[in-house]
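First the structure, in the form of structure tokens, and then the observations on it.
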Amino acid sequence: MDQGAITDLGGDVFQIDTKMAGYDGITAGFLIRSDRPCLVETGTAPSAPVVVAALRSLGVDADDLATVVVTHIHLDHAGGAGDIAALFPSAEIVVHQRGARHLVDPSRLMASARIVYGAALERLFGVLAPVPAARIKALDDFGVLDLGGGRRLESHYSPGHAKHHVGLIDSATGDLYVGDAAGVYIPDTGDVRPATPPPDFDLDTALASLRLFGALAPTRLLFSHYGPAPDVARMLERSAEEIRLWVSHTRDARDAGLNLDHAVAMVQERTKDRYLAFLPGADPELTAKSHRMSSASANVSGIMHWLDNLDAVSAAEHHSH
């Protein structure tokens, strides 16, 4: 096992680099090695062997894993759910109720991902294998997972990035697993960028999720992309500021009648000075990695999609008066 794939974060929490698409430091899974061991995020299907090897090297064998929980069903977070479920037959697979049916029958999820990624889909994300319905625990907007020994993982519904998204807080450490609801954290520079993909992005909902995260008063944020971030209050504030800013620039591009490609170019140009990884003279490898972690075109198209929906709603309301 490549030891660089596993980072001990303290409190019996271990970060696993899932090596998504062969890259380092893009998508993390986390093992909570409590009395009832729990894996948070599976990574993609092709990452499953990496995750399994990491779990085994941490002493978690086929029958030991009690729970697998995903923050949402996007393929970089939950694409390995079917494979991991098959290899850990005692584990319950936990997801928000709005995502549960897509884990049981992934065909619609895979079809929509294929539209976005085309031929690159298999290389990047593989294929999500179905999870048997009997193995799934579907969460309401608030849920509690038993980690054993009095330790709990509390699930809080936090849509905005995706309507099947939850944040998870560990009662023992105060760690908050933020999935993608607080954006993408670039540990090399300490920057955070938004994650606002189509079709679910909604500004007010996204900001409300960040306020909820703040109210939970976590001790640290654990980003699926990527890793633990200190200074929780400042990080959540920056995350909200980034989302607002990207929305404002995308709105300007749309008002100027720019198509998606031109809008993306304009928003990137206007925001690049905010991120050390995109400044002139930055390490080109870091710049490339940051683009992979946070796609400007996905962000802008998600915001465009939301703005189009707002227009459609207000036109319909205008029409009905």
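The values are calculated or read from the model by the stated rules, or taken from the named source; none is laboratory data. Everything numeric in this text was worked out from a predicted model, so none of it was measured. Cβ sites come from the backbone with ideal geometry, for glycine too, and all protein chains shown count toward neighbours. Ligands, DNA and RNA are stripped out before the accessible areas are found, and what is left, the full protein with its side chains, is counted by its heavy atoms. Shrake-Rupley method; radii C 1.70, N 1.55, O 1.52, S 1.80 Å.
Quick notes on this structure:
- Taken over the stretch 19-31, the criterion of being surrounded by 17 or more Cβ atoms within 10 Å (Cβ to Cβ), touching a residue at least 60 places away in the same chain (Cβ under 8 Å) and not in a strand (DSSP E or B) is satisfied by 20, 21, 25, 26, 27.
- Taking helices (runs of 4 or more DSSP H) as the structural unit, those lying wholly within the stretch 32-142 and holding at least 2 residues that are of a type in the set (Gly, Ala, Ser), modelled with pLDDT under 95 and under 18 Å from the mean Cα position of the chain (by Cα) correspond to 107-117.
- Residue count for the stretch 270-321 under the criterion of being among the polar types (S, T, N, Q), closer than 14 Å to residue 198 by Cβ and either assigned to a helix (DSSP H, G or I) or in contact with a strand residue (DSSP E or B) (Cβ under 9 Å, 6 or more places away or on another chain) (or both): the result is 4.
- When the stretch 1-18 is filtered for residues that are at pLDDT 95 or above and either part of a helix (DSSP H, G or I) or among the aliphatic types (A, V, I, L, M) (or both), the ones remaining, listed by number, are 6, 9, 13, 16.
- Residues being over 17 Å from residue 203 (Cα atoms), open to solvent by less than 70 Å² (accessible area, probe 1.4 Å) and assigned to a helix (DSSP H, G or I) are entirely absent from the stretch 238-249.
- Extreme residue, surrounded by the fewest Cβ atoms within 10 Å (Cβ to Cβ), among residues of the stretch 253-294 that are closer than 23 Å to residue 24 by Cα and among the polar types (S, T, N, Q): 287
- Residue in the stretch 200-207 that is surrounded by 23 or more Cβ atoms within 10 Å (Cβ to Cβ), in contact (Cβ under 8 Å) with a residue 12 or more places away in the chain, within 19 Å of the chain's Cα centre (by Cα) and under 21 Å from residue 66 (Cα atoms) present: no
Condition check ((1) farther than 20 Å from residue 163 by Cβ; (2) surrounded by fewer than 22 Cβ atoms within 10 Å (Cβ to Cβ); (3) among the β-branched types (Val, Ile, Thr)) across all residues:
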{"site": "62", "(1), (2), (3)": "yes, yes, no"}
{"site": "71", "(1), (2), (3)": "no, no, yes"}
{"site": "75", "(1), (2), (3)": "no, no, no"}
{"site": "82", "(1), (2), (3)": "yes, no, no"}
{"site": "89", "(1), (2), (3)": "yes, yes, no"}
{"site": "103", "(1), (2), (3)": "no, no, no"}
{"site": "129", "(1), (2), (3)": "yes, yes, no"}
{"site": "139", "(1), (2), (3)": "no, no, no"}
{"site": "146", "(1), (2), (3)": "yes, yes, no"}
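- The single condition from (1) buried (at least 21 other Cβ atoms within 10 Å of the Cβ); (2) not in a loop (DSSP other than H, G, I, E, B) that residue 164 fails is (2).
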